[in-house]
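**Q** Next up is a structure, given as structure tokens.
The values are calculated or read from the model by the stated rules, or taken from the named source; none is laboratory data. What you see is a predicted model, and the numbers here were worked out from it, not measured in a lab. Here the Cβ positions follow ideal geometry from the backbone for every residue, glycine too, while neighbour counts run over all protein chains shown.
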Amino acid sequence: MSIQSIEIKSGVNLHYIHTKKFKTTTLGFYFCRPLRREEATLNALLPNVLKRACPLFPESIGLSRHLDNLYGAKLHAGVRKKGDLQVIHINFEFINENYTGKSRPVLESIISLAESAILGQTSFSKEYVAQEKENLKQYIQSQINDKRSYAATRCAEIMCAAEPYGINEHGFINDVDAIDDNTLFTHYKSAFLSTPVEIFVCGDVDIFWVKQQIERIFSGVEPAGGKMPEMQIVKDVKEVKRVTETEQVAQGKLSLGFRTGIQPGDDAYPALLVYNAAFGGGPSSKLFNNVRERLSLAYYATSKIEMLKGLMMVNSGIEASDFDKAYDEIMAQHLAVQNGDISDDEMSAARLYTVNGIRSISDNAFMTEDYWLGRLIVGRLIELDELADCISKVTKEDVMKIARNTVLDTVYFLKGGEA
């Protein structure tokens, strides 16, 4: 799927992903703010309040019924971390009007709703803000209770403590209570509405008409313009950080953070993806076959790439008594890749797994939007098919080079016991 980008005005860009693959159309608004500790919780709370009500529909029940009447249209909102950015997103999914036999009424209604909910708020309901504060606190607590996710998050926080990436994009429980409807609305008016926004349409629509509507609804808004801020890519590690924490857990969680120094815009990025698949990201990886299967040192052992930061995170569940053995074997497998101890079958499996993952992105509109958003952030656009082709040409020597330049930064262990 190709992308057509249109600058509406400084700080407002419209991107059209034309496809007839889906029976629905998506319209997504992505407001990209720098990750900052002092506003992370406000930003995390805001989209959940925006989707509850708006001047067009002051009550949630009315908004919900309106979406149902639009052939079951859906409204999603939240935040996600994209490198050092906290992205506030509001997404609409609705029927492709080729299947309704009518011209534009659904799309017109969706754009009117987007204008009211995103740009036209005049105040926030005390009741809805209070409810969403409780929901946010419960969500943050659920992250803490999920120890597999918690250990991975803690490792990243420790590893990137001096970088914006180390800030939790969902905010902090201790900051929630200080927010009320007035402080949140002030943040909406003073910060959110001045935030650069990337707008995506994925489907089969009259993009010229959509462009006119976006120009109209953003005519009174003046977001900050300019380029996307550059990511902080740390390449050198002076000393490995080693942190052990104790919680009441039955299974220990060992997480390792590596720095690769590679961004998606780099020529070496396809090789990084294959390296990750061969090492721990794929079903035929070194970590799976050796740490988990052959030696039974882990209940799970995987690796994944944080593409916008050039990080590789290894996460595993182990018995506390096996910490040394598990750690040594993970590092031994990393050394094996560095030394080229990768069979032809392992390389073929890693390439195939990675290519299939890239091609599957186009099967989901939201994943497609997310892919292109990441590409816009790094400033280098590459079609999915082109990326898949580059991946298919990655050699063992390419992977070895990536492995040799990948350095351990952080070792985090969450073990059982009295906290």
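**Q** Exactly one condition in (1) of a type outside the set (Asp, Glu); (2) more than 24 Å from the chain's Cα centre (by Cα); (3) assigned to a loop (DSSP other than H, G, I, E, B); (4) within 30 Å of Ile3 (Cα to Cα) is false for Ser116; which is it?
**A** (3)
**Q** Let me ask something additional. Counting only residues that are of a type in the set (Asp, Glu) and more than 30 Å from Gly11 (Cβ to Cβ), which one in the stretch 139-194 is surrounded by the most Cβ atoms within 10 Å (Cβ to Cβ)?
**A** Residue satisfying both the conditions and the ranking: Glu157.
**Q** Inspect all residues belonging to the stretch 16-30 and state whether any of them is of a type in the set (A, V, I, L, M), in contact with a Ser or Thr (Cβ under 8 Å, 6 or more places away or on another chain), assigned by TED's automatic domain parsing to the domain that holds Asp84 and within 23 Å of Pro105 (Cβ to Cβ).
**A** Checking the stretch 16-30: at least one residue is of a type in the set (A, V, I, L, M), in contact with a Ser or Thr (Cβ under 8 Å, 6 or more places away or on another chain), assigned by TED's automatic domain parsing to the domain that holds Asp84 and within 23 Å of Pro105 (Cβ to Cβ).
**Q** Just checking, which of Ser116, Ser103, Ser123, Ser112 is out of contact with any Gly (no Cβ under 8 Å at 6 or more places or on another chain) and modelled with pLDDT under 95?
**A** On inspection, the qualifying residue turns out to be Ser103.
**Q** Which members of the stretch 1-46 meet the condition of being aliphatic (A, V, I, L, M) and closer than 30 Å to Asn174 by Cβ?
**A** Across the stretch 1-46, the qualifying residues are Leu35, Ala40, Leu42, Ala44, Leu45, Leu46.
**Q** For the stretch 71-92, state whether one or more residues are assigned to a helix (DSSP H, G or I) and farther than 23 Å from Asp181 by Cα.
**A** No, that holds for no residue.
The rows are residues; the columns are (1) within 22 Å of Arg259 (Cα to Cα); (2) free of Cβ contacts under 8 Å to residues at least 24 places away in the same chain.
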| residue | (1), (2) |
| --- | --- |
| Leu297 | no, no |
| Ala301 | yes, no |
| Glu306 | yes, no |
| Asp324 | yes, yes |
| Ala336 | yes, no |
| Ser348 | no, yes |
| Thr354 | yes, no |
